[in-house]
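A.B. asks: Mind looking over this structure? Questions follow.
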Amino acid sequence: MEMSPDRFIGHLQKAHRCQPEVRQVAKDMECLTPGAYDELAVRLIERGEDHALGILLNVAAVNKIAFDPSVLAEVLKVVNVIIDIRYPYNYQCESAIEPLLTVALSEELSYERQALAAGLAVELALKFSYPKQPVKKVLWELMEKISYGEGRLLLDAALDLLERGDEGINSRFRLIGGDVLSELPAEPLPVIIGDGGTVRRPVKKLGRNDPCRCGSGKKYKKCCYNEDQLRMRDASAYSGITKSQLRENPGLVDDASYIADLRPYELKKLAPSKMNDAQLLAAYRRADIFGLREVALEMLSELKSRQGKEELAVEHMFELFDSALTAQDTETIRKLSPHLPEKDRYFSESDRLKHQLLEKPDKLRDLEALCIKAFADNEDHCLLELSYAFEDILPALSIVFGRAAIVSEPERKLDNQILIDAIRKRRITLDLEPWGDPIEDYWDWIMGKDSERIAEEDKDERIEKLQEQLSEAREKSSLALKDLQGKEKALAELEKKLQGVTAVAPLEDVRPIGKPTKNDTMAEEDGEERKQAIVALKSKIEALKMEIRSQQESKLRLRKELHHAHEIISKQRDQKAPSQEMPDSEADFLPPVPEKVRIPDFTTSFRKSCENLPSALVVKAMQAAIGFASRDKAILRQTLGIERMPDYYRVKVGIHHRLIIHQTPGNELQVVELIPRKQLETWIRKHTS
């Protein structure tokens, strides 16, 4: 006959987290089916038995039990030593991935527990060739809100493992794997009563051989000793009361501070009717942090029912309504609505619209589909078409889609220029000045960048052509040099030949006076031929000399061209390379470095301008002022001088605001005002007139 799982709860509560005791409990529970383990886990979760749950996980890993995936994921919300959850996942199958991804996004978990759930899902996804995109999406969502600490390190390692696939399966950050018994301590660790905090004894101190406090007549060690040891582990900060008793009946004490340390499963067990007003408010705030809006509403509803507390409760109900709207918790919104006047229910009209869309999500479903299509491929230029579709119906929405179309497809110059003209017309429809839409500044910047790119391409093309001309000039120079050397050689040969001809006797040799003989006639003819040969040779020599001079001049000209081309290419490259120095025009508008750091003086105007602004924005402004004073490079990159107001600077604070700072010649710093960006020109005109 199968044993009831309940009889093992005591074993799990008493066992220490060490090898011998876990091995013994595992041996005792060998007879249980996987379903019995699930049943035990559910009961321990309901009772908040975090220590017993950890022992159960270790025992299940020793006995190689596969839990129900949904139950195992829920255990992560309660178990105390969170690494104990790793071992049972050695025996889970692919069906465990989805519950892990779901619980990883639960607001009830701490960042470390959320990251651990995501890391386990990654390793199971690789093990079973599960699609990566759903897992990656969860990692991205968690990385957006977890930016530091162990949780972030775990997420970074998990994403790296997922992207590298099987290559990273042996990473030192691996969570699944290992033998549970070999990783548990060999003997029990010292018991830390009250988790290390200041506690009071929940039971009266007795000697082991004293009569038991229950009046049974037995020795204490033979009667209630073991039960009292469990109560000691559950000690609270209040004498005679355990933490379990406090959870069941918070009204046993007046203090509300202990509620700030309660975990989600403990908050769910609180009984609002047994709590005082301060405890109800503390529990509401704690529950809202964990996304337990139903518990938070129970606390506020109880507070509202008490005399004189209705106004306070309703004020916090507005906060809870906003929290539920942000989380898209329609059930809590419906329960809160009767308590809140509709005219005061929403912080803005956009909140009202969001609520309407939550109630009727199909209202803009077709529009959402078109926007998704625009993100996917945008071959049909959906954003552009949507801008024109809303032109006469919803001009403001048309402008929004027009801006999006220009930003998403900046290369469509003609379409975008026409769209900017259309935006101007729609601004007139809305009683706005047609010029000055923020998208025009962006478009001017894009066109300027485009002009710079074209200029750079032209420079590249010119450099390429010059390099071709340089190569051609070098080739011509080489050929001309060879030709010149050939002609110089020919000239030397002709001069040598001429010397040989002139060495023969001259034509004017002395001959006898009288009638010329036949030989004389022939000699005269030979002399004429020599004269003609000499003249011809001299002509050739002169012609070659002229050609050689021409070739030398050509060679000199080519050398000059080569030198000039080298200079041009060098200049073009220097212009293309980014300058390491700041242009004088910009340097003039940066603040001078002070001799010593000055403490900023926050003026009355600045203080007034911050009164109605969000706290986060005011904090950013103050950080910017301190950064300016200390010459923080990140802040200086967001700083520009005001040309018409020497010694005044504007620092970018978010997208929509500018911080005005005045640095006097004596390096005194005044934080003048925090103004909306669109009012900057008006502010400058006002203070320069």
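A.B. asks: Rounded to the nearest 10 Å², what accessible area does Trp445 show when all protein chains are kept and the probe is 1.4 Å?
C.D. replies: Solvent-accessible area, nearest 10 Å²: 140 Å².
A.B. asks: Extending each Cα 7 Å along its Cβ direction at Asp392 and Ala376, get the distance between those two points in nm, one decimal.
C.D. replies: 3.1 nm
A.B. asks: For Leu364 and Leu414, compute 0.36 nm times the residue count separating them, minus their Cα-Cα distance, and round to one decimal in nm.
C.D. replies: 15.0 nm
A.B. asks: Simple spin-label model, 7 Å along Cα-to-Cβ: Asp351 to Glu94 in nm?
C.D. replies: Distance between the two pseudo-spin positions: 4.5 nm.
A.B. asks: Amide H to amide H under 5 Å from Arg86: which residues, 5+ apart in sequence or cross-chain, H placed 1.01 Å off N in plane?
C.D. replies: Counting only residues 5 or more places away or on other chains, the set is empty.
A.B. asks: Give or take rounding to whole Å, what are the principal axis extents of the alpha carbon atoms in region 1-153, in descending order?
C.D. replies: Its Cα atoms span 49, 29, 26 Å along the three principal axes.
A.B. asks: Taking amide H atoms as placed 1.01 Å from N in the peptide plane, list the residues 5 or more away in sequence, or in a different chain, whose amide H sits under 5 Å from that of Glu673.
C.D. replies: Amide H neighbours of Glu673, under 5 Å, 5+ apart: Ile660.
A.B. asks: Work out, step by step, the length gained on full extension between Lys686 and Ile655: first 0.36 nm times the residue separation, then minus their alpha carbon distance; give nm to one decimal.
C.D. replies: Contour length minus the Cα-Cα distance gives 8.9 nm.
A.B. asks: Ok, one more. With the dipole of region 214-296 worked out from charges on the C-beta (+1 for Lys and Arg, -1 for Asp and Glu) around the Cα centre, which of Ala256, Ala296, Ser216 lies farthest toward the positive end?
C.D. replies: Ser216
A.B. asks: For region 82-156, with all protein chains present and a 1.4 Å probe, just round the carbon and sulfur fraction of the accessible area to a whole percent.
C.D. replies: 55 percent
A.B. asks: So, in Å, what gap is there between the alpha-carbon centers of region 342-412 and region 200-235?
C.D. replies: Answer, in whole Å: 69.
A.B. asks: Mind giving me the FRET efficiency for Arg7 and Lys274? R0 is 35 Å, r the Cβ-Cβ distance, nearest 0.05 is fine.
C.D. replies: In this case the efficiency is close to 0.65.
A.B. asks: What distance in nm separates the two pseudo spin-label positions at Leu340 and Leu230, each 7 Å out from Cα along the beta-carbon direction?
C.D. replies: Distance between the two pseudo-spin positions: 4.4 nm.
A.B. asks: Give me the net charge of Ala624's neighbourhood, meaning all other residues with Cβ under 12 Å from the Cβ of Ala624; Lys, Arg count +1, Asp, Glu -1.
C.D. replies: Net charge around Ala624: +4.
A.B. asks: Express in nm, to one decimal, how much length is gained between Phe602 and Gln532 on full extension, taking 0.36 nm for each residue of separation and deducting their alpha carbon distance.
C.D. replies: 14.5 nm
A.B. asks: Would you grab the residues whose amide H sits under 5 Å from the one on Ile241? Only those 5+ places off in sequence or on another chain, please, with H modelled 1.01 Å from N.
C.D. replies: Under 5 Å from the amide H of Ile241 lie the amide H atoms of Ser236, each far enough along the sequence or on another chain.
A.B. asks: Counting only the heavy atoms of the protein chains, how much of Thr326 is accessible to a 1.4 Å probe, in Å² to the nearest 10?
C.D. replies: For Thr326, the solvent-accessible surface is approximately 100 Å².
A.B. asks: Then there is this: I want the local charge near Gly240. Using Cβ-Cβ distances under 9 Å, sum +1 for each Lys or Arg and -1 for each Asp or Glu among the other residues.
C.D. replies: With Lys, Arg at +1 and Asp, Glu at -1, the neighbours total +3.
A.B. asks: Determine which residues of region 269-287 fall in the zone a paramagnetic label at Ala616 would reach in this model, i.e. backbone nitrogen under 13 Å from the point 7 Å along Cα→Cβ.
C.D. replies: Correct set: none at all.
A.B. asks: Determine the distance separating the Cα centre of region 126-142 from the Cα centre of region 633-652; give it in Å without decimals.
C.D. replies: 45 Å
A.B. asks: Also, I was wondering about something else. Work out from phi, with θ = phi - 60° and the Karplus expression 6.51 cos²θ - 1.76 cosθ + 1.60, the ³J(HN,Hα) of each residue of region 618-634, listed in order in whole Hz, and give x for Gly and Pro.
C.D. replies: Computed from phi, the couplings for region 618-634 are 5, 4, 4, 5, 5, 5, 5, 5, 5, x, 5, 5, 8, 6, 5, 4, 4 Hz.
The values are calculated or read from the model by the stated rules, or taken from the named source; none is laboratory data. Small disclaimer: the values here were computed from a predicted structure and weren't measured. Reconstructed Cβ throughout: ideal geometry from the backbone, glycine too, with neighbour counts over all protein chains shown. Heads up: the accessible areas ignore ligands, DNA and RNA and are worked out on the full protein's heavy atoms, side chains in. Shrake-Rupley method; radii C 1.70, N 1.55, O 1.52, S 1.80 Å.
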